[in-house]
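Read the structure below first, then the notes.
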Amino acid sequence: MRTADRLSRSNQVLATTHYRVVGTRPIRHDGVDKVVGRAVYGADFKIAGLIHGRVLRSPHAHARIKMIDTSRAAALPGVRAVITGRDFPEADDRWQDLGEGNVNLKHLSDNVMATDKVLYRGHPVAAVAANSPHVAEEALKLIDIEWEILPSVLDVREAMKDSAPLLHDNVTTQEFGKDTGKKSNIAQHFRHELGDIEKGFAEADIIIEREITTATVHQGYIEPHNATALWSADDSITVWGSTQGAFPVRDQLVQVLKHPISKIKVVPTEIGGGFGGKIPLYLQPIAALLSKRSGRPVKVLMSRSDEFQGTGPSPASWIKARLGAKKDGRIVAIDSTLAMEAGAYPGSAVGAAAMCMWAPYDIPNGRIDGYDVVCNKPRSFAYRAPGATQAAFASEMMLDELAERMGMDPIELRLKNSAKEGTRRIDGPVYNRVGAVECLEVAKNHEHYRTPLEPNRDGKKRGRGVAHGFWFNVGLASSCSISVNPDGTITLIEGSTDIGGSRTSIAMQAAEVLGIAAEDVRPSVVDTDSVGFTHVTGGSRTTYATGLAAYEAAHDVVRQMKDRAAKLWEVDSATVSFADGTFTTGSHRIGFKDLAGKLGHTGGPLTGSANVDPGGHGGAFATMICDLEVDPETGKVRILRWTTVQDAGKAIHPSYVEGQLQGGTVQGIGWALNEEYVFNRDGAMTNPSFLDYRMPLTYDLPMIDTVIVEVPNPGHPYGVRGVGEVPIVPPPAAIAAAIHNAIGIRMNRLPMSPRAILEDTGVIPRE
Amino acid sequence: MATVYIPALMRELTGGAATVEVEGQTVRQIVNALESRYPGMRDRLVDGDLLSPRVNVAVDGYVTRIGLMERVGPTSEVHFLPAISGGRGG
């Protein structure tokens, strides 16, 4: 097939509603700056008097700091400030919302810099600011620390044992608001229950059981964390840097530094990827305190090694599950236990994992137990659909096994059990309108699925697998303001940092309301002093919620412009209507742009604004088809063909939706086949670089074909559903199904690396 | 009356009942009604004057952002869910 033909058929949009701007593909507003390298990222940022900070990290996975002496470092010429954990104010021991979940502020502060005890290798213990980064690095070597090394625990199942070394003296197992009083690494246990699982399993004709493990993986964003801070003489603090949410950073700084909110401004720079990993604080409070001590602006950057060892990966997990089905394929009961590694402090993604694990299906009887477990690894944080990929690896493999045992098509089996409007999830909520069935139907009828696999070649075995996944998406608060310019263009001010083209997808929603072109909107992402509170760019919320804020702000503009038109025509404004970019009443009519030119003499400048905190986010489903071949001699898996089908509700800018589908799929493929933190016995990560932590390259992958299904979300005026997260959910399970189809082995662990495949096929002994 | 789905690990307080029906026009009134019928319930769900930060509440399928102030209809379903780091939704 010619490349052009291949590309032209690779992406499809199955649109159900057509608009003038929404659903088109304008060039992104920030495109030129990014293409020519002019966009300012955190590491590019410069300011007069800038000095450089570096962080000293623990060489031990678990140790007490008996003594720390920074005097030799402070005496090094060129050093301007040295701080340790004792320079931070005592943080409050309470929980705060960070957008994709809650975090304990004391734990947050201790994770920024340890005070008396380190809980993982890479845990910050001190920082230096100096005239040059090299001097700062030299000074770190002059900090003397006396350690008491403690036994460590690096595996979730080991950490759950009563005999495991305890990380915290004050962590006891919580059970939905009840403190069990038991000191343990199990920080929380919860349970979802629906129906009667004993009755369900008693009715089942087929029972399938699985136990799986998944490794710790990193988001792998290309731009490392960075922060520049200036603590002025008037105690105002300005922080520049890469973040998924300037306002949550400001709010966390308030808590960690115990500083007034009115004295902190956070200026987001461009962001080179985040995937959940740039929600928490790491460097910002360190840069701020170094600036306070030195009286100079301080920039702190992470190396890639710092990233792997000092930031929050997605948790490793252990999942055990049982499924019961009738002879006709109807699932009648499930029972699942999920345990996830929170890392150093409580708060893994196990809650979200439990919500998503069986969410694609209508199951009358189910129980899901979740355990949040601390261990001596970096504190885990959100990574694209946090927890859902691990959970789907277990549940979707079981669906595949059920289909095999039933002799049933795996998509037909899923359709038979599919969730739909009115289905109650095991964790309780009932679905509104969702597109699970539609995604499965499109996949079933797709040319890829209807085309037989090509025969095996060169001793390699080919297989096909499918998998299905869910992410619930979130809403959260967003703010926008719109100023109308005399030429009829508008300036759109927003607080959502733009990771995947959201400036444009938000601008398009305002343009649709106002009857102008997307190019007539100049969108700007601004600092925390310049727009109302806006939550993180995360949870697949930005195009949905900030887009809704832009939509409402545009309607505010329309309301005010009706008043101006009424003034112009000397009529009651209630008689003025607006449609297709034109204001009308009686025989009067004037276009948006023409009226914009008359604002100066009908009352002056005009700004519309909106603050929203919507709850109508609709969940999203994705179905994927994977063809691959396995080399039985080397264990290497090569992806031959891939199709991702996903419900976007309404694709505001289909190219960006396709980008999200492809990006999420590729990250899921990397998670499935190669990515993992490898630790030695001392708790040190042995592969903290992109040379040894193997992420997929373009050479490893075929074109990821996409189909956008549009089942409008009733909670958004254009039907938008978040799209960024669910595409990472099905890939590992789809690949596991295809590997089984190719070589007859069911892999129960991630990654399914060449070594793992050779071990599981008996070619080499298991380590 | 609203139907409240009792989290599995709180059913010791309701004698094992998975759902209960109580009067209330806001989540706060629902919690108060639960407390009067099942003492100890409020301590598990509320922290001071706010919903506990470790708890989410969904009314008619949507996780609310305003916690105890959320309106509850006469036939609403109310779910209390664990809110732990790394994800929230409904």
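The numbers here are math on the coordinates, done by the rules we state, and not lab data. Values in this document were obtained by computation on a predicted structure and should not be read as measured data. FYI the Cβ positions are ideal-geometry reconstructions off the backbone, even for glycines, and counts take in every protein chain you see.
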Excluding residues on the same chain fewer than 8 positions from A:K567, give the aspartates and glutamates whose Cα lies under 19 Å from its Cα. A:D556, A:D594
Counting only DSSP beta bridges with both residues in the stretch A:307-447, tell me the antiparallel percent, nearest 5. 55 percent
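Write down the percent of antiparallel bridges among all DSSP beta bridges whose residues are both part of the stretch A:585-732, to the nearest 5. Write down the numbers at each step before the final one.
Details: 11 of 17 bridges.
Around 65 percent of the beta bridges assigned by DSSP in the stretch A:585-732 are antiparallel ones.
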Using 7 Å Cα-to-Cβ label points, what is the A:R25/B:D43 separation (nm, one decimal)? 6.1 nm
Using the Karplus curve 6.51 cos²θ - 1.76 cosθ + 1.60 with θ = phi - 60°, what ³J(HN,Hα) values do you get for each residue of the stretch A:708-717, in whole Hz, with x for Gly and Pro? 8, 9, 10, 10, x, 7, x, x, 9, x
Fewest-first ordering of A:I490, A:I206, A:I145 by Cβ atoms within 10 Å yields A:I206, A:I145, A:I490
Pop the C-beta distance of A:V40 and A:L14 into the FRET formula with R0 = 30 Å and round what comes out to the nearest 0.05. 0.20
Grab the beta carbon distance between A:D594 and A:R64, set R0 = 41 Å, and tell me the FRET efficiency rounded to 0.05. 0.05
For a footprinting-style exposure proxy, rank A:H62, A:H535 by other Cβ within 10 Å, fewest first. A:H62, A:H535
Net charge near A:N674: determine it from the other residues with C-beta under 11 Å of the C-beta of A:N674, scoring Lys and Arg +1 and Asp and Glu -1. -1
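All other residues with a Cβ under 10 Å from the Cβ of A:I47 taken together, and with Lys, Arg as +1 and Asp, Glu as -1, what is their net charge? Mind showing how you got there, number by number?
Details: positive: A:K46, A:R296, A:K299; negative: none.
After counting each charged neighbour, the total is +3.
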I'd like the per residue volume of the convex hull spanned by the Cα atoms of the protein assembly as shown, given in cubic angstrom. 176 Å³
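What trypsin sites (Lys or Arg not before Pro) does the stretch A:540-609 have in DSSP loop regions with at most 16 other beta carbons within 10 Å? It would help to have the intermediate numbers written out before the result.
Working: sites: A:R541, A:R559, A:K562, A:R564, A:K567, A:R589, A:K593, A:K598; in loops: A:R541, A:K598.
Here the sparse-neighbourhood loop sites are A:K598.
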Average beta-carbon neighbours from other chains, 10 Å sphere, peptide A:352-363: 2
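If you take every DSSP beta bridge fully contained in chain A, what fraction is antiparallel? Give it as a percent rounded to 5.
On the way: 103 of 139 bridges.
For chain A, the DSSP antiparallel bridge percentage is about 75.
Run the helix sum for the protein assembly as shown: -39,500 (n - 2.57) per DSSP H stretch of 4+ residues, divided by residue count, reported at 222 nm to the nearest 500 deg cm²/dmol. Walk me through the numbers before you get to the answer.
On the way: 23 runs with 219 residues, N = 857.
Only helices count here, giving -7500 deg cm²/dmol.
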Choice from B:G73, B:G40, B:G48 showing the highest fluctuation, given a GNM over chain B with Cα pairs closer than 10 Å: B:G48
In what order do A:R64, A:R749 fall by count of nearby beta-carbon atoms within 10 Å, going from fewest to most? A:R64, A:R749
With a ≥ b ≥ c taken as the square roots of the eigenvalues of the C-alpha gyration tensor of the stretch B:2-82, please select rounded if a/c is under 1.5 and otherwise prolate if a/b is larger than b/c or oblate if it is not? rounded
Within the set A:K327/A:K444; A:K278/A:K444; A:K258/A:K278; A:K326/A:K461; A:K66/A:K263; A:K178/A:K265, which residue pairs have Cα atoms separated by over 28 Å? A:K278/A:K444; A:K326/A:K461; A:K66/A:K263; A:K178/A:K265
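Please compute the net charge surrounding A:I516, taking Lys and Arg as +1 and Asp and Glu as -1 over other residues with Cβ under 15 Å from its Cβ. Before the final figure, lay out each step's value.
Details: positive: A:R20, A:R522, A:K593; negative: A:D487, A:E512, A:E519, A:D520, A:D580, A:D594.
Once positives and negatives cancel, what remains is -3.
Using square roots of five times the C-alpha gyration tensor eigenvalues, list the equivalent-ellipsoid semi-axes of the stretch A:29-148 in whole Å, biggest first. List each step's numbers first, then the result.
Values: eigenvalues 169, 114, 30 Å².
After diagonalising the Cα gyration tensor, the semi-axes are 29, 24, 12 Å.
Within chain A, which whole H helices from DSSP have a Cα span along their axis of at least 30 Å and a mean Kyte-Doolittle hydropathy of -1.0 or more, if any?
On the way: long enough: A:547-569 (32 Å, -0.34).
Result, helices passing both filters: A:547-569.
Hey, got the average number of other protein chain Cβ atoms within 10 angstrom for residues in B:54-64? Could you put the intermediate results ahead of the total?
On the way: counts 9, 3, 3, 0, 5, 2, 4, 9, 8, 6, 3.
Other-chain Cβ atoms within 10 Å of each residue's Cβ, averaged: 5.
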